[in-house]
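Report on the following structure.
The values are calculated or read from the model by the stated rules, or taken from the named source; none is laboratory data. Fair warning: this is a prediction, and the values are worked out from it, not measured in the lab. Heads up, the Cβs are rebuilt from the backbone with ideal geometry, glycines too, and the neighbour counts pull from every protein chain shown.
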Amino acid sequence: MRILGICGSLRKGSFNSRLLAAVRPLAPDPMTIDVFDRLGDLPLYNEDLDSRDGGPAAVQTWRDAVRQADGLLIVTPEYNSSIPGVLKNAVDWVSRPVRDAALHGKCVVTMVATTGGGLGRNVLTDLGRVLHDCHAHVVSGPWVVLTEAQTKLVDVEDEQGQFVPTISDPFTTRIAKVQLAALAAAIDGGAGEHAVAPLRAFFAAMPPRPPRR
Ligand SMILES: Cc1cc2nc3c(=O)[nH]c(=O)nc-3n(C[C@H](O)[C@H](O)[C@H](O)COP(=O)(O)O)c2cc1C
């Protein structure tokens, strides 16, 4: 079971990319989480660039990565109480073409790390609504909202002598494991297919659209 891990921050030393790294070893067998770290290569969404032959190379790479994954793990900061533009842009690219988008039918887990004390939930609410409208299945809460992330992500030496980011808060670790197990169950249970079934049925009943001029 191949999960694509995505971070909504491009910042070097991002707490969200550290949280993503900390969560990877918590994946239940047989799940593996590969990180896609090229959201910064994507152009701003422009329908003029979104041609029928797949558009820019960075977009094709991103769409292929999402298409090939069994599910997604999105770990993102909250920016101004919502989704960072980098992440929303990436979601927009995989939400098209509207009849057969890479995002359709994907099972998704979302998590947030923030340096603040009480914020973070808004991005998960907004992202969940957007992903739902893009015909993905979003695993419901309890959510991983890692507040004061600068104090709760520590570097711990692993068996190979490498220092790896680790969540120091057992409560958050427990929720992360629950979320990943729920992601595995959602994929096994075909929840993504249910999320996209009405859209597929709608288009199946319609004649193909003529090419746009
Ligand atoms: C433009 C901007 C807006 C932000 N807005 C919020 C916010 O609404 N809620 C919040 O919890 N943190 C907010 N923050 C603080 C981020 O949580 C903090 O910078 C965090 O470290 C960013 O994630 P990163 O470390 O993965 O880059 C904001 C940061 C920036 C740069």
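Tabulated data
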| item | result |
| --- | --- |
| Any hit, the stretch 154-174, residues being surrounded by 11 or more Cβ atoms within 10 Å (Cβ to Cβ), modelled with pLDDT of 95 or more and closer than 28 Å to V59 by Cβ | no |
| Matching residues in the stretch 34-53 - criterion: being over 17 Å from the mean Cα position of the chain (by Cα), surrounded by 12 or more Cβ atoms within 10 Å (Cβ to Cβ) and of a type outside the set (D, E) | P43, Y45, L49 |
| Verdict on A90 being part of a loop (DSSP other than H, G, I, E, B), surrounded by 15 or more Cβ atoms within 10 Å (Cβ to Cβ) and away from the ligand (no atom under 14 Å from the Cβ) | no |
| Test result for A22, among the small types (G, A, S), part of a helix (DSSP H, G or I), modelled with pLDDT of 95 or more and within 13 Å of the ligand (Cβ to nearest atom) | yes |
| Qualifying positions in the stretch 101-117 - hydrophobic (A, V, I, L, M, F, W, C) and within 8 Å of the ligand (Cβ to nearest atom) | V112, A113 |
| Residue ID - nearest to the ligand (Cβ to nearest atom), chosen from residues in the stretch 1-19 that are under 8 Å from T76 (Cα atoms) and part of a loop (DSSP other than H, G, I, E, B) | S9 |
| Test: residue in the stretch 118-127 that is within 12 Å of the ligand (Cβ to nearest atom), in contact (Cβ under 8 Å) with a residue 40 or more places away in the chain, surrounded by 13 or more Cβ atoms within 10 Å (Cβ to Cβ) and on the phi > 0 side of the Ramachandran plot | yes |
| Residue match in the stretch 168-178 (condition: in contact with a helix residue (DSSP H, G or I) (Cβ under 7 Å, 6 or more places away or on another chain), free of Cβ contacts under 8 Å to residues at least 40 places away in the same chain, more than 30 Å from R99 (Cα to Cα) and not hydroxyl-bearing (S, T, Y)) | yes |
| Qualifying position, being more than 15 Å from L20 (Cα to Cα) and of a type in the set (S, T, N, Q), among T172, T110, T125 | T125 |
| Given (1) more than 16 Å from the ligand (Cβ to nearest atom); (2) at pLDDT 95 or above, number of the condition P97 does not satisfy | (2) |
| Only listed residue being over 23 Å from V138 (Cα atoms) and at pLDDT below 95, chosen from D41, D50 | D50 |
| Some residue of the stretch 76-83 being in a strand (DSSP E or B), crowded, with 16+ Cβ neighbours inside 10 Å and within 16 Å of the ligand (Cβ to nearest atom) | yes |
| Meets criteria (under 17 Å from V75 (Cβ atoms) and among the polar types (S, T, N, Q)) for T172 | yes |
